[in-house]
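Asks: There's a structure below that I have some questions on.
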Amino acid sequence: QVQLVESGGGLVQAGGSLRLSCAASGIIFSINAMGWYRQAPGKQRELVARVTYGGSTIYADSVKGRFTASRDNARNTVYLQMGSLKPGDTAVYYCKVETYRGVNYWGQGTQVTVSP
């Protein structure tokens with residue numbers, strides 16, 4: 001049974017920090033990339049950060065310099081360290097796992113709310 005367990009969301013004041021984590025288990029295919037997406041009310045889901053197996057990382061322009069994504073391949077876990085948070089970062093954050101087979105998996109989402 002595939003499970004993506006996300007944690008670390010919550011309520012924080014503007015300028016604060018949060019760390020998200022996503023642990024994947026039960027995936028039988030080799031994992032390529034792991035990443036984070038977010039969806040704010042009334043908006044489309046968008047990429048926040050994506051980390052390949054080799055560690056190459058891309059970020060959305062809106063989070064560059066504030067967020068850092070990393071992963072532990074041995075634990076099939078991806079992290080998102082978020083700093084200098086802004087109210088505009090408020091969204092549900094989703095973990096995504098991409099396999100070399102082309103099968104993708106999504107987490108259930110974790111709410112991040114940044115108050116002014």
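Asks: Which percent, nearest 5, of DSSP beta bridges in the chain are antiparallel?
Replies: Details: 38 of 42 bridges.
Expressed as a percentage, antiparallel bridges in the chain total about 90.
Asks: Here's a follow-up. Calculate the spin-label point distance for residue 1 paired with residue 101, positioning each point 7 Å from the Cα along the beta-carbon direction, and give it in nanometres.
Replies: Taking the simple label geometry, residue 101 and residue 1 are separated by 1.9 nm.
Asks: Just to verify a number: FRET efficiency for residue 64 and residue 29, C-beta to C-beta distance, R0 = 30 Å, to 0.05?
Replies: On the way: r = 30 Å, r/R0 = 1.01.
Once rounded, the FRET efficiency stands at 0.50.
Asks: What distance in nm separates the simple spin-label points at residue 45 and residue 73, each placed 7 Å from Cα in the Cβ direction?
Replies: In this crude label model, residue 45 to residue 73 measures out at 2.6 nm.
Asks: From the gyration tensor of the Cα coordinates in the chain, what semi-axes in whole Å does the equivalent ellipsoid have, largest first, with each one equal to sqrt(5λ)? Before the final figure, lay out each step's value.
Replies: Working: eigenvalues 114, 38, 31 Å².
Whole-Å semi-axes of the equivalent ellipsoid: 24, 14, 12.
Asks: So, one more: Starting from the Cα-Cα distance between residue 86 and residue 11, subtract it from 0.36 nm times their residue separation and give me the gain in nm to one decimal. Walk me through the intermediate numbers first.
Replies: Numbers: separation 75, 0.36 × 75 = 27.00 nm, distance 1.16 nm.
Full extension from residue 86 to residue 11 adds 25.8 nm.
Asks: Can I ask one more? If packing is taken as the average count of other Cβ atoms within 10 Å, what order do 53-59, 94-100 fall into, highest mean first? Write down the numbers at each step before the final one.
Replies: Numbers: 53-59: 12.9, 94-100: 19.0.
Order by mean packing, descending: 94-100, 53-59.
Asks: I'd like the distance between the alpha-carbon centres of the stretch 32-50 and the stretch 95-116, rounded to an integer number of Å.
Replies: Cα centres, the stretch 32-50 to the stretch 95-116: 7 Å.
Asks: Using the Karplus equation 6.51 cos²θ - 1.76 cosθ + 1.60 (θ = phi - 60°), what ³J(HN,Hα) coupling, rounded to whole Hz, does each residue of the stretch 21-34 give in order, writing x for Gly and Pro?
Replies: 9, 9, 10, 9, 8, x, 8, 8, 8, 5, 8, 8, 9, 10
Asks: Among the lysines, which fall within straight-line cross-link reach of residue 96, defined as a Cα-Cα distance under 21 Å, with same-chain neighbours fewer than 8 residues apart omitted?
Replies: Qualifying lysines at Cα under 21 Å: 43, 64.
Asks: A further question follows. Roll a 1.4 Å probe over the protein chains and send me the accessible area per residue for the chain in Å².
Replies: Working: 6080 Å² over 116 residues.
Ligands and nucleic acids excluded, the figure is 52 Å² per residue.
Asks: Moving to a separate point now. Only Cα pairs under 8 Å and at least 6 apart count here; give the relative contact order of the stretch 21-74 as a rounded whole percent. Please report the intermediate quantities before stating the final value.
Replies: Details: 55 pairs, mean separation 14.2, N = 54.
The normalised contact order for the stretch 21-74 reaches 26 percent.
The values are calculated or read from the model by the stated rules, or taken from the named source; none is laboratory data. Values in this document were obtained by computation on a predicted structure and should not be read as measured data. Because the Cβ atoms are built from the backbone with ideal geometry, glycine has one as well, and the counts that use them run over all protein chains shown. Keep in mind that these areas ignore ligands, DNA and RNA; they rest on the heavy atoms of the full protein, side chains included. Shrake-Rupley method; radii C 1.70, N 1.55, O 1.52, S 1.80 Å.
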